[in-house]
Amino acid sequence: MAEKNMLIMKHVTKTFNPGTVNEKCALKDVNLTLKEGDFATIVGSNGAGKSTLFNAITGTFFADKGLIMLDGEDITYQKEHVRSKVIGHLFQDPLKGTAPHMTIEENMALAYLRTTTSKNAYFSRIKSADKKKFREQLALLDMGLEDRMKQPVGLLSGGQRQALTLLMATMVTPKILLLDEHTAALDPATAEKVLDLTKRIVAERNITCLMVTHNMHQALELGNRTLMMDAGNIVLDIAGEERKQMTVDHLLEQFAVHAGKELDNDRILFSKVEEK
Amino acid sequence: MGSIITLSIVQSALELGFIYALVALALFISFSILNIADLSTDGCFTLGCAVCATVTLAGHPVLALLAAMAAGMCSGFVTAFLQTKMGIQSILAGIIVNTGLYTINIAVMGFASNVNLFNCKSIFTWAKESIGGTWYKLIVAAGIVVLAGIVISFFLNTRLGLSIRATGDNPDMVRASSINTGLMITIGLCVSNALTALSGGLLAQYQKSCDINLGTGMVTIALASLIIGESILGKGSMIKRVLGVMFGSCLYRFIVAVALRLNVPAECLKLVSALIVAIAIALPYLKKQSAFYQQKRKAKAKNQEYIEEIKAEIATKEGGKA
């Protein structure tokens, strides 16, 4: 197949606080290639480097060593605000993705700003055609937000804000969508709804996607690849038939084998108990 | 009341209120919207005043106001540059620029500590000739401020304005949505400092003089106006908030005028200002507190009834047992 590689990471290394007692090697020689339309889930213990991996891709910091390419373009040293034009990023904290004192409409207009390229668009106001488009997209969420467009986002619940953030992150189809446990802070019913929405949007538009989760079932069911991280490394990368055969217990065993220790993540263990 | 508040007091309070409203508008952008305490405001106000006075003295009153704005913009750019490119904290950047501006302001005035503009042409003398009457000063000041208010509230609803507002509201989100926060802070501070300097420039032409210490305490006064406006008119649409700022500024001048009228000595004026600011900032909190005490008092009476009911229940039970 002539599928193109959307994300290529080669020997990416990042050490925080080098030369001090707090020195922490957060990413150790990470190599990862995602094909266009790949949907990979990532599991790993606390501090394994999952969020650091995301931050390296979005450019919150620059990698010490290694190469990061997105859609054939070298973005290793590209500034954060430049590369975020084509990267969608959702955080665990629903408050991070929206501006609380601005209305739903204004927040969406900001996300929509990514589409405009000409300089004079900066002085344009929200047009009624834009408002209509925002309304249609909000209606898809089925949360009644389309009738609250003039309200500040701070009044919405966490789930509503996260759904809105997802809508904003994908308003312009991103080259890669990074989901950092984006449903973990929501109640089960809302989490389910946001997850369904995520699946639908990612599938409809064939978005390349990386998703951190602590739910081992989700890790195996969602998408087409499962990655496991430990101590700044990707220790397991399964796809296809091997992934289909994999069970949660087997995955935990695999972890013990690769990391040389038991998985020490409370939430994963909790989720395992809950589902048994 | 008539003896305390005369028409001429109202008039001059409104005139000054409108002129200083521009500084309050500037702080509205830097403090309320960008969430930056811009402490270069004092120096920037004097800078606008000095530049305007010098150019007015050379015989170009309109150009003088534009020059003041340009100078303010430069000052804002330096403050923003120190913050975004040199990694200096915003408050420190403001203080540094403020200190540096003192020398620059003296230099602008030809290394003198004040400049007099008597017998100079200004937009106020021009208005006196073309409009006449006693209200011409107010008309000019109000006209300029209303124009600035309209431009600002329009600007804050453009996409660039939205980006600036989001930068102050949630910088994490802004960076993740491809907006350059450094650039937004720079643009915001340039606009806000241009307004501060314009205010200083207008004051120079209004009172026909400029003094190096003119800007002292300006940031406190403007903050007071801003907070008075916000606590009275509340937060709402941009237009409403901008109107609130102007209203607050006029009200502040009005309070000062009344204080002066009540024979408060001029030397005490700074203390009066500080008191007004403290009261204005404390007011929303006190309002909340008094609402809470009212609620508590009402609830206490009701809860006493409940306590009586519970006691009665216990009494009947015990009576049953006995």
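Derivation of every value follows stated rules applied to the coordinates shown; laboratory data play no part. Keep in mind the model is a prediction, meaning the values are calculated, not measured. Neighbour counts are summed over all protein chains in view; Cβ atoms, including those assigned to glycine, are modelled from backbone coordinates with ideal geometry.
In summary, the lysines within cross-link reach of A:Lys131, defined as a Cα separation below 29 angstrom excluding same-chain residues under 8 places away, comprise A:Lys85, A:Lys96, A:Lys119, A:Lys150, A:Lys175, A:Lys193, A:Lys199, B:Lys235, B:Lys240. How far is helix A:266-275 tilted off the main Cα axis of chain A, in degrees rounded to 10, range 0 to 90? In chain A, helix A:266-275 runs at an angle near 80 degrees to the longest axis.
Given an 8 Å cut-off on Cα distances and at least 6 residues of separation, report the relative contact order of the range B:150-280 as a percent.
Values: 85 pairs, mean separation 25.3, N = 131.
Taking the mean separation of contacting Cα pairs over the length of the range B:150-280, I get 19 percent.
Taking 16 Å as the straight-line reach from the Cα of A:Lys14, the lysines in range (excluding those fewer than 8 positions away in the same chain) are A:Lys24, A:Lys28, A:Lys50, A:Lys65.
Note that the range B:83-94 has calculated 3J(HN,Hα) couplings of 6, 8, 10, 10, x, 8, 4, 4, 5, 4, 4, x Hz, one per residue in order, obtained from phi through the Karplus relation 6.51 cos²θ - 1.76 cosθ + 1.60 (θ = phi - 60°); glycine and proline are x. For the range B:177-194, 3J(HN,Hα) computed residue by residue from phi via the Karplus equation (6.51, -1.76, 1.60; θ = phi - 60°) reads 10, 6, 9, 7, 4, x, 5, 5, 5, 4, 4, x, 5, 4, 4, 5, 6, 4 Hz, glycine and proline entered as x. The ratio of the alpha-carbon radius of gyration of chain B to the globular-protein estimate 2.2 N^0.38 Å is 1.26.
Given a Förster radius of 51 Å and the C-beta distance between B:Glu308 and A:Asn46 as r, what FRET efficiency does 1/(1 + (r/R0)^6) yield to the nearest 0.05? Working shown, then result.
Working: r = 54 Å, r/R0 = 1.06.
Efficiency at R0 = 51 Å is approximately 0.40.
Remark: the B:Ile239-B:Leu260 segment gains 4.4 nm on full extension, using 0.36 nm per residue and subtracting the alpha carbon distance.
Please report the antiparallel percentage of the DSSP beta bridges confined to chain A, to the nearest 5.
Values: 22 of 40 bridges.
Bridges in chain A are about 55 percent antiparallel.
What FRET efficiency would be calculated for the residue pair B:Phe292, B:Ile106, taking the C-beta separation as r and a Förster radius of 45 Å, to the nearest 0.05? Numbers along the way, then the final one.
Values: r = 51 Å, r/R0 = 1.14.
Using R0 = 45 Å, I get an efficiency of 0.30.
Starting from the alpha-carbon convex hull of the range B:65-160, give the projected area averaged over all orientations, in nm². Before the final figure, lay out the partial values.
Values: hull surface 36.0 nm².
One quarter of the hull surface, i.e. the mean projection, equals 9.0 nm².
Using a simple spin-label model with pseudo-atoms 7 Å out from Cα toward Cβ, A:Asn31 and A:Lys133 lie 4.2 nm apart. Dividing the summed -39500 (n - 2.57) terms of all DSSP H runs of n ≥ 4 by the residue count of chain A sets its mean residue ellipticity at 222 nm at -10500 deg cm²/dmol.
Defining a contact as two alpha carbons under 8 Å apart and six or more residues distant in sequence, what relative contact order in percent does chain B show? Present the calculation step by step, with values, prior to reporting the outcome.
On the way: 475 pairs, mean separation 99.6, N = 322.
Once divided by the residue count of chain B, the mean separation gives 31 percent.
For B:Lys302, the lysines whose Cα comes closer than 26 Å to its Cα, not counting residues fewer than 8 places off in the same chain, are B:Lys287, B:Lys288, B:Lys311, B:Lys317. Between A:Val257 and B:Ala282, the modelled label-to-label distance comes to 7.1 nm, taking each label 7 Å out from Cα in the direction of the beta carbon. Dividing the Cα radius of gyration of the protein assembly as shown by its Kirkwood radius returns 1.09 for Rg/Rh.
Rounded, prolate or oblate: which fits the range A:13-76 when a ≥ b ≥ c are the square roots of the eigenvalues of the alpha-carbon gyration tensor, with rounded for a/c under 1.5 and prolate only if a/b beats b/c? Judged from the Cα gyration tensor, the range A:13-76 comes out oblate (a/c at least 1.5, b/c at or above a/b).
For the range A:8-21, backbone phi angles converted through the Karplus equation (6.51, -1.76, 1.60; θ = phi - 60°) give residue-by-residue couplings of 10, 10, 10, 6, 6, 10, 9, 10, 8, 6, x, x, 10, 5 Hz, Gly and Pro being listed as x.
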